[in-house]
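Structure record follows, encoded as structure tokens.
Values quoted throughout were computed directly from the atomic coordinates according to the rules given, and no laboratory measurement underlies them. Note that the structure is a prediction, hence the values are computed from the model and not measured. Heads up, the Cβs are rebuilt from the backbone with ideal geometry, glycines too, and the neighbour counts pull from every protein chain shown.
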Amino acid sequence: MTTLAILKARIGSEIRRPALTTQIADAITSAITALEDRRYLFDETRTVSFSTVAGQEFYTQADSAFIPRLQKIDYIKILIGGQMRPVYPEAPACIEEMNYNGTQQGEPVVYCYYGEQLRFGYVPSDVWTIRIGGVIRMPAPASDSEADNPWMTKAERAVRCRAKYELYEHVLLNPEMAAHFNPENEDGPTFEAFAQLRRRANNLQGGDFVMEASEW
């Protein structure tokens, strides 16, 4: 098991700069930020759910803490009369016309995600359960000792390599090592670690994984 404290110590040891505690912590944060907008196995979920409110068309963090953390929506279902029904994606402008200034209410059949809010059309006219399957932004560890954070376990190698790039590029000013750990260097450890992480998800999802440098 790796924690943030263990990762900090390992990076300090591997770059032979254990005294750079603040810079190492900042580099880990930057690495996670750079990695977090991709799909992995650990950031997929089907457990985001909340209830609609009659007459409410917009849904925010106040309705579910996961809504602003959504990175990709695979599907949305609504439970009506004991049956799960699909709610389909639609362009924001179309829902704007469809809801007619929030006056057209009924069973939601479409949705859009705009400004970190979910909007349904039609405006829900009753209380129904919404379930979302998709990808959420996974938070970094809240403390040095937090256990089982996926960035420190499943994605540890990718975070560690990317953090070294941040250190060599911006702190240690070592062009040779920065180039070695540059995430766009297809022969380097950062690119390979990220490719391995993505390949695991791809293998289970049944696709053919090809990563381009531009993915970084």
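For Phe50, what residues show an amide H to amide H distance below 5 Å, using hydrogens built from the backbone and excluding near sequence neighbours?
Ile130
Each label point is 7 Å from the Cα along the Cα-to-Cβ direction; what then is the distance between the points at Glu96 and Thr22, in nm?
Modelled inter-label distance: 4.6 nm.
Using only DSSP helix segments of four residues or longer, with each worth -39500 (n - 2.57), what per-residue ellipticity at 222 nm results for the chain after dividing by its residue count and rounding to 500?
-10500 deg cm²/dmol
Out of the DSSP beta bridges found with both residues in region 44-136, what percent are antiparallel (nearest 5)?
85 percent
What percent does the relative contact order of region 44-136 come to when contacts are Cα pairs within less than 8 Å and at least six residues apart?
Over region 44-136, the number comes to 47 percent.
Of the candidates Gly121, Gly188, Gly134, which one comes out as most mobile in a Gaussian network treatment of the chain with C-alpha springs shorter than 10 Å?
Result for the chain, Cα springs under 10 Å: Gly188 fluctuates most.
Quick check: residue separation of Gln104 and Ile80 times 0.36 nm, minus the Cα distance between them. What number comes out in nm?
The span from Gln104 to Ile80 would gain 6.8 nm if fully extended.
Express in nm, to one decimal, how much length is gained between Glu116 and Ser51 on full extension, taking 0.36 nm for each residue of separation and deducting their alpha carbon distance.
Using 0.36 nm per residue and subtracting the Cα-Cα distance, I get 21.7 nm.
Compute the projected area of the convex hull of the Cα atoms of the chain, averaged over all viewing directions, and report it in nm² to one decimal place.
Convex hull of Cα atoms, orientation-averaged projection: 14.3 nm².
For Lys154, which lysines qualify as cross-link partners when the Cα separation must be under 24 Å and same-chain residues fewer than eight apart are set aside?
Lys8, Lys72, Lys164
Below 8 Å between Cα atoms, with a sequence gap of 6+, how large is the relative contact order for the chain in percent?
26 percent
In a Debye calculation with equal point scatterers on the alpha-carbon sites of region 44-136 and no solvent, what is log10 I(q)/I(0) at q = 0.12, 0.16, 0.18 Å⁻¹?
Calculated log10 I(q)/I(0) at the listed q: -0.31, -0.56, -0.73.
Treating each Cα of region 110-191 as an identical point scatterer and ignoring solvent, apply the Debye formula and state log10 I(q)/I(0) at q = 0.21 Å⁻¹.
Calculated log10 I(q)/I(0) at the listed q: -0.98.
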